[in-house]
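Here the structure is laid out as structure tokens; the discussion comes afterwards.
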Amino acid sequence: MERELPLFEPSIILCIAAHPDDLEFGTSGSVAKWVAEGAVVHYLVCTDGSKGSDDPNLTSGELIKLRHVEQQAAADILGVTSVTFLDHEDGLTEANTALKRDITAVIRRLKPDTVVMQDPLFMYSAEFGMINHNDHRKVAESAMDAVYPLARDHLSFPELMGQGLEPHKVKEILMMSFEKATFYVDISTTFETKMKALAAHESQVDIETVRPWLEPTSKSLGKLAGYDRAEGFIRLSMRL
Ligand SMILES: [Zn+2]
């Protein structure tokens with residue numbers, strides 16, 4: 001039976017991802033739109049982005065600093081209120097207790113009604129010929145565990161209560177998805193802002209390379225929802 005979902009009316013949104021640039025690829029057109037509509041949007045980036053460079057002259061430490069600066073610049077373009085970096089090591093993320101505790105603490109501190117994240121079950125796409133990065137899956141799994149039950153239950157991580165981080169209940173999860181989307185956000189008017197935010201990731205995104213595949217992808221997602229351009233999500237609206 002098809003379940004009737006409530007209207008999507010976010011007021012505080014927390015977008016959680018593994019790497020600097022993930023949120024620009026997956027949800028930045030929507031973020032710009034939500035901010036324009038009056039929502040408060042926060043970013044949480046879980047790894048330090050310290051591995052993805054071909055430049056032999058850059059040390060890991062320099063790369064981490066650069067990734068922070070670029071992520072903050074992208075967030076500023078979109079009107080994001082805050083960016084939190086957890087700086088877990090890039091590349092070998094595990095959905096472990098430390099990561100779940102860190103994400104839980106941020107959820108309790110910022111109290112979002114909506115959490116945007118990657119899809120923990122998206123492992124590969126035969127259609128697009130790609131394997132989804134380990135960090136994307138493990139961060140998403142940790143984020144989902146943090147939303148429920150860890151952020152909600154006061155007996156989970158009791159040390160957080162000592163820091164004034166009270167239990168918090170998230171109402172909606174949107175998992176960024178281009179293959180299995182059930183929910184679409186119209187980004188027709190914010191697509192170019194998305195491109196600008198992506199271009200802020202100068203050290204890892206060549207905008208002239210990504211535009212030729214992001215344009216048709218946003219168009220074909222839009223077509224499914226009757227918009228010129230869209231971003232797609234799997235929507236999980238929590239009943240309990
Ligand atoms: Zn990534």
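The values are calculated or read from the model by the stated rules, or taken from the named source; none is laboratory data. None of the values given here were measured: they were computed from a predicted structure. FYI the Cβ positions are ideal-geometry reconstructions off the backbone, even for glycines, and counts take in every protein chain you see. Surface areas here come from the heavy atoms of the whole protein model, side chains and all, with no ligands, DNA or RNA. Shrake-Rupley method; radii C 1.70, N 1.55, O 1.52, S 1.80 Å.
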Worksheet entry | Criterion (of a type in the set (D, E, K, R) and not in a loop (DSSP other than H, G, I, E, B)) met by exactly one of K194, K180 | K194
Fill in: Number of the condition not met by D153 [criteria: (1) at pLDDT below 95; (2) touching an Asp or Glu at 6+ places or on another chain (Cβ under 6 Å)]
(2)
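Being on the phi > 0 side of the Ramachandran plot and of a type in the set (D, E) is the requirement here; does D102 meet it? Spell out how you get there, then give the answer.
Numbers: on the phi > 0 side of the Ramachandran plot: no; of a type in the set (D, E): yes.
Here the answer is no, as D102 does not meet what is asked.
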Practice prompt. Go through the range 110-138 and count every residue that is under 16 Å from D22 (Cα atoms) and either crowded, with 18+ Cβ neighbours inside 10 Å or within 13 Å of the ligand (Cβ to nearest atom) (or both).
Written response: 16
Discussion item. When you scan the range 92-100, do you find a residue that is within 16 Å of the ligand (Cβ to nearest atom) and part of a strand (DSSP E or B), even just one?
Written reply: no
Worksheet item: Out of all the residues in the range 13-70, which are within 24 Å of E231 (Cα to Cα), near the ligand (Cβ under 10 Å from one of its atoms) and open to solvent by 10 Å² or more (accessible area, probe 1.4 Å)?
Response: H19, D21, D22, F25, G26
Practice prompt. Select from the range 87-108 the residues that are in contact with a strand residue (DSSP E or B) (Cβ under 9 Å, 6 or more places away or on another chain) and buried (at least 20 other Cβ atoms within 10 Å of the Cβ) and write down the one among them that is modelled with the lowest pLDDT.
Written response: D90
Item to complete: Take V147 and decide whether it is within 25 Å of L110 (Cα to Cα), in contact with a helix residue (DSSP H, G or I) (Cβ under 9 Å, 6 or more places away or on another chain) and part of a helix (DSSP H, G or I).
Response: yes
Worksheet item: Consider F8 against the criteria (1) under 24 Å from K169 (Cα atoms); (2) within 16 Å of the ligand (Cβ to nearest atom); (3) not in a strand (DSSP E or B): it satisfies all of them except one. Which criterion is unmet?
Response: (2)
Worksheet item: Which residue pairs have Cβ atoms under 8 Å apart, sit 6 or more places apart or on different chains, and have a first residue in the range 144-171 that is surrounded by fewer than 17 Cβ atoms within 10 Å (Cβ to Cβ) and a second that is modelled with pLDDT of 95 or more and in a helix (DSSP H, G or I)?
Response: Q163/A105; E166/R108; H168/I107; H168/R108
Item to complete: Would you mind telling me which numbered condition in (1) under 28 Å from F191 (Cβ atoms); (2) open to solvent by less than 50 Å² (accessible area, probe 1.4 Å); (3) more than 16 Å from the ligand (Cβ to nearest atom); (4) more than 15 Å from the chain's Cα centre (by Cα) T84 fails?
Response: (4)
Worksheet item: Has the range 160-174 got at least one residue that is under 17 Å from the mean Cα position of the chain (by Cα) and within 16 Å of the ligand (Cβ to nearest atom)?
Response: no
